[in-house]
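Only one structure is covered here, and it is reproduced in the block below.
FYI, it's all coordinate maths here, none of it is from the lab. Note that the coordinates shown come from a computational prediction; the quantities given were computed from them, not determined experimentally. Don't worry about glycine lacking a Cβ; one is built from the backbone with ideal geometry, like all the others, and counts go over all protein chains shown.
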Amino acid sequence: MGGEADSSPGRKYLIIVVAVLLAAFLAVLAFSLPQLNGVSTTAATSATLPAGCVKPSGGFLIIASQLGFNDSVNHGVPQNSWPVMDVKEGQNVTIVVCNSDPAEAHGFQIDHYYDARLVSIASGHVLTLSFVASVVGTFRVYCEIPCAIHWAMQSGELVVS
Amino acid sequence: MLPFGITDSEFALVTFVSAFIGITLVVSASRLVRTRYLAAFAFGVYLWYFTDTLADANYLNVNSGFVYTEELLVLFLLFAVGLFLFFSLDGKLFTADEPLGRYGMLVAALAALALGLHGFGEGADFGTTASATPFNTLLDAFGGVSPSASWVLHKMLEPTVAAVCYVAFADSRTKKWADRLVDVLALSVIFVTPAIVGSVVGYYVTFDHTYVFALGLGASIYAVARVGKALYKPDTDGKKFQPLKVAIAIAIGFLLIFMSALLHS
């Protein structure tokens, strides 16, 4: 299917397609150091936390995984709000967000306080953000990029009182 | 954890039927609607497809900025591999020759594969979530009816881009309905196979799916390049080019897949 004068599909090109795609997939698997799940209920979620994934003093730690934000699927989302971060007006807020999901990137946004641009946190990476809680109210905390567990990452709250 | 066999069968069936319906609709519509407007519709669908897949590829790690990281390099290389590979396979992509007949069907098949490749990552997402979820049903694990409906609609709309390649280049209008059905079935299988394989792999193996999306993103550009050719194909019936109708068709394609994405949240 490659040569300009060749109107019929060449078998060699099909072989090349299959070989290159196979090589690319193998490269992907090799590069990302796959771990056999072993069909365990926890294998995909119990990956070790990324370096720097530590709760800041007086702040909050959010862990994104296949169970949502801080295991939100086990806390009744989307009917319930989870996780909920309570702060006082004027408080300096620090949040560490860790993506412990070995499979996907996840986003992190907070209405008003942290929604100026799209944020995506690659697998195994950590995001640290700080701001002053200057406006009183309840602000939604959510993921902004598509992922399989997206629905469970829409119900966080930052409550500034 | 959802049991593998039934879960994956349901996933495969739903994905296949959705793709089959989407392709069938376009092929059927080609008897009423001119190829140019179908191509414009597919172009609109592709615009969202690209955005969505780019997000799945973690924006090729653009957030890391001008700082070298292994991830950034590998993501960009995979994007380039997908792009170069599919462009190099179609020697008539930038010639005036019409890829009719068997060649035309291969163009459509190549487009279906190029578009379906990102499905490996989506399938792997599905498999990983299915193996990790504390829920017992597929609907609960994926957030209920709304996100599931979003998946069905996406899998109906995405392969319409390949269906337009089939309509434009495989001489579909002159074929018997049984031959068309076989072609549509073949295109559906080609489109969904990466997703089904991905779901099996994702269930058993944990790896970063972002890289697969980068490869699929690059590959998919081949399909839209072909659609572009269909969009600007000279008319043989002397009818005038109507830009407004083309714009409307693009908007319809874009809005349909955009609205189906709204269901995901």
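Data overview
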item: Cα point-scatterer Debye curve for chain B, base-10 log of I(q)/I(0) at q = 0.08, 0.16 Å⁻¹; result: -0.32, -1.20
item: Per residue convex hull volume, Cα atoms of the stretch B:180-251, in Å³; result: 137 Å³
item: The stretch A:43-161 - percent relative contact order, Cα under 8 Å, separation 6 or more; result: 32 percent
item: Distance histogram for the stretch B:138-265 (every C-alpha pair counted, 5 angstrom bins, percent rounded to whole numbers); result: 2, 8, 12, 17, 20, 17, 11, 7, 4, 2, 1, 0
item: Cβ neighbours within 10 Å from other chains - mean over A:117-124; result: 5
item: Segment B:R34-B:A251, length gained on full extension (0.36 nm per residue, minus Cα span); result: 76.5 nm
item: Label-point gap, in nm, between A:L129 and B:V145 - each point 7 angstrom along Cα→Cβ; result: 3.3 nm
item: Antiparallel content of DSSP bridges confined to the protein assembly as shown, in %, to 5; result: 70 percent
item: Neighbourhood net charge (14 Å Cβ-Cβ; Lys/Arg +1, Asp/Glu -1) for A:V159; result: -2
item: For the stretch A:60-160, convex hull of alpha carbons as volume per residue, Å³; result: 79 Å³
item: Partnerless Cys - the protein assembly as shown, beta-carbon criterion under 4.7 Å; result: A:C143, A:C147, B:C165
item: Three-way shape call for the stretch B:4-76 based on the alpha-carbon gyration tensor, with the a/c threshold at 1.5; result: oblate
item: Förster radius 35 Å - calculated FRET efficiency between B:V62 and A:S57 (Cβ-Cβ, nearest 0.05); result: 0.65
item: For peptides A:109-115, B:37-43, B:242-248, A:122-128, sequence by mean Cβ density within 10 Å, most packed first; result: B:37-43, A:122-128, A:109-115, B:242-248
item: Using alpha-carbon coordinates, inclination of helix B:177-204 to the longest axis of chain B, degrees; result: 20 degrees
item: Contact order normalised by residue count of the stretch B:4-262, Cα under 8 Å, 6+ apart, percent; result: 43 percent
item: A:D86-B:S9 pseudo-label distance in nm [points 7 Å out on the Cα-to-Cβ vector]; result: 5.0 nm
item: Inter-chain Cβ neighbour average for residues A:104-111, partner chain, 10 Å; result: 3
item: Residue (of A:M85, B:T24, B:A80) at the positive-pole extreme of the protein assembly as shown, dipole from beta-carbon charges; result: B:T24
item: The protein assembly as shown: C-alpha gyration tensor shape, a/c 1.5 cut-off, then a/b vs b/c; result: prolate
item: Per-residue [θ]222 nm for chain B (sum of -39500 (n - 2.57) over DSSP H runs n ≥ 4, rounded to 500); result: -25000 deg cm²/dmol
item: Environment charge of B:L77, counting only residues whose C-beta is closer than 15 Å and scoring Lys/Arg +1, Asp/Glu -1; result: -3
item: Total formal charge among the other residues, if their Cβ is under 14 angstrom from that of A:V136, Lys/Arg +1 and Asp/Glu -1; result: -3
item: Positive-end residue, the protein assembly as shown charge dipole about Cα centroid, Cβ charges, pick of B:S220, B:F135, A:I110; result: B:S220
item: Residue-averaged beta-carbon neighbours from other chains (10 angstrom radius) around B:57-68; result: 3
item: Span from the the stretch B:180-244 Cα centroid across to the the stretch A:127-159 one, whole angstrom; result: 34 Å
